[in-house]
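For reference, the structure is listed below as structure tokens.
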Amino acid sequence: MTLADCDRVAEIRVRGWQSAYRGLMPQSYLDGLSVAEDAERRRGYLAQADGSVVNLVAEDTGGEVVGWACHGPYRDGEVITDDAELYAIYVHPEHLGQGAGQALLAESVARCAAAGHNRLLLWVLKENGRARRFYERAGFEVDGAEEPFEVDGVMVPEVRYARALPR
């Protein structure tokens, strides 16, 4: 991902949240998400990047960015572990089911394995069946960890998935 991709990645992320999380968290929160504010955050993250976090984009055959993934070290509280974490993966809702998500996930798995990580972990909304099926098809399994986070006063439960990485 480059600075030039930030606006499109922000659009993908916001539209992804608004589509995937409808009914799973307060609609007022989803309606209040701003592509412009998210793009500014993406630019800030890239400007301060130290190389430990990797942002990937997927393009369609015409060169349009249609998906984004981000991975880096797994954080257990403030402690960085030997595992990697998939922080985010989103495909624009108009491009779901066309392979961009699978390609982004495969590239993240390959890069995390090449970096010497033993496992790739990720958090997913407990009620997000589509995402859970996607990760399960890719070899991820629920590892028993659960953690809620608060969205506009509503607790939204997440479950953690893990996958051993190839050596």
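For the chain, the dipole from Cβ point charges (+1 on Lys and Arg, -1 on Asp and Glu) about the Cα centre works out to 460 debye, to the nearest 20.
Residues whose amide H falls under 5 Å from that of ALA58, counting only those 5 or more places apart or on a different chain, are VAL66, GLY67, TRP68, with hydrogens built in the peptide plane. Between VAL53 and any residue 5 or more places off or on another chain, the built amide H atoms are never under 5 Å apart.
The shape of segment 9-89 comes out oblate: with a ≥ b ≥ c from the C-alpha gyration tensor, a/c is at least 1.5 while a/b does not beat b/c. In segment 68-167, taking the dipole from charged Cβ atoms about the Cα centre, the farthest positive-side position among HIS71, PRO166, VAL154 is held by PRO166.
Coupling constants for segment 100-113 follow from the phi torsions by the Karplus curve (6.51 cos²θ - 1.76 cosθ + 1.60, θ = phi - 60°), and in residue order they are 5, x, 4, 5, 5, 5, 4, 5, 4, 4, 4, 5, 5, 5 Hz; glycine and proline get x. Across GLY62, GLY32, GLY97, mean-square fluctuation computed from a Gaussian network of the chain (C-alpha pairs under 10 Å connected) peaks at GLY62.
Using a Gaussian network for the chain with springs between C-alpha atoms less than 10 Å apart, which of these wobbles most: GLY72, GLY153, GLY16? In this elastic network of the chain, the residue with the biggest mean-square fluctuation among GLY72, GLY153, GLY16 is GLY153. Among the listed values (i) 1.12; (ii) 1.20; (iii) 1.01, the one matching Cα Rg over 2.2 N^0.38 Å as calculated from this structure is (iii). Approximating the spin labels as points 7 Å out from Cα along Cα→Cβ, the ALA145-to-ALA103 distance works out to 3.0 nm.
Throughout, read-outs are computed from the coordinates displayed, never taken from laboratory work. Only a predicted model underlies this, so the values are computations on that prediction, with no experimental measurement involved. In this analysis, Cβ positions are derived from the backbone assuming ideal geometry, glycine residues included, and neighbour counts consider all displayed protein chains.
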